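Below is one structure, written out as structure tokens; comments come after it.
The values are calculated or read from the model by the stated rules, or taken from the named source; none is laboratory data. Keep in mind the model is a prediction, meaning the values are calculated, not measured. Note: ideal-geometry Cβ built from the backbone for every residue, glycine included; neighbour counts use all protein chains shown.
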Amino acid sequence: MQHLQIFPVTRQCPGAASERVVPRGYTRRIMWLMTTVGLFSVVRKTGDADLTVRVRARGDLKALREQYLPTLGTIETGGGTDYPFRSR
């Protein structure tokens with residue numbers, strides 16, 4: 001197994017008390033992971049114990065599962081957001 005290089009980027013959403021800034025159901029922190037296998041957005045919805053990994057390219061989730069996270073759940077498509085593919 002190869003070593004996965006991760007370059008985390010976190011951002012505190014300004015004015016996080018406002019629903020206009022933080023999408024409903026999400027916490028105040030968002031993390032993007034720029035890795036050697038893809039670019040991932042990792043979020044946790046309020047009240048949800050699991051993290052959701054979101055991507056724009058389906059192949060990024062497939063590569064993450066095949067190379068590093070075999071327990072990653074089913075890839076969901078759609079949702080009408082910037083990230084058409086997601087998994088938990």
So in the range 26-50, with the set limited to residues that are assigned to a strand (DSSP E or B) and among the charged types (D, E, K, R), which one is modelled with the highest pLDDT? Lys45
Could you list, in sequence order, the residues of the range 65-87 that are assigned to a loop (DSSP other than H, G, I, E, B), without any contact (Cβ under 8 Å) to a residue 12 or more places away in the chain and touching a strand residue (DSSP E or B) at 6+ places or on another chain (Cβ under 8 Å)? Gly79
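State all residues of the range 74-85 that are over 11 Å from Asp60 (Cβ atoms), in contact with a helix residue (DSSP H, G or I) (Cβ under 9 Å, 6 or more places away or on another chain) and surrounded by 10 or more Cβ atoms within 10 Å (Cβ to Cβ); if no residue qualifies, say none. Spell out the reasoning first.
Of all residues in the range 74-85, those over 11 Å from Asp60 (Cβ atoms) come to 74, 76-82, 84.
From the residues that got through so far, the ones that are in contact with a helix residue (DSSP H, G or I) (Cβ under 9 Å, 6 or more places away or on another chain) too are 77, 84.
Hit for the range 74-85 is Pro84, nothing else.
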Hey, Val53 surrounded by 14 or more Cβ atoms within 10 Å (Cβ to Cβ), modelled with pLDDT of 90 or more and not hydroxyl-bearing (Ser, Thr, Tyr) or not: yes
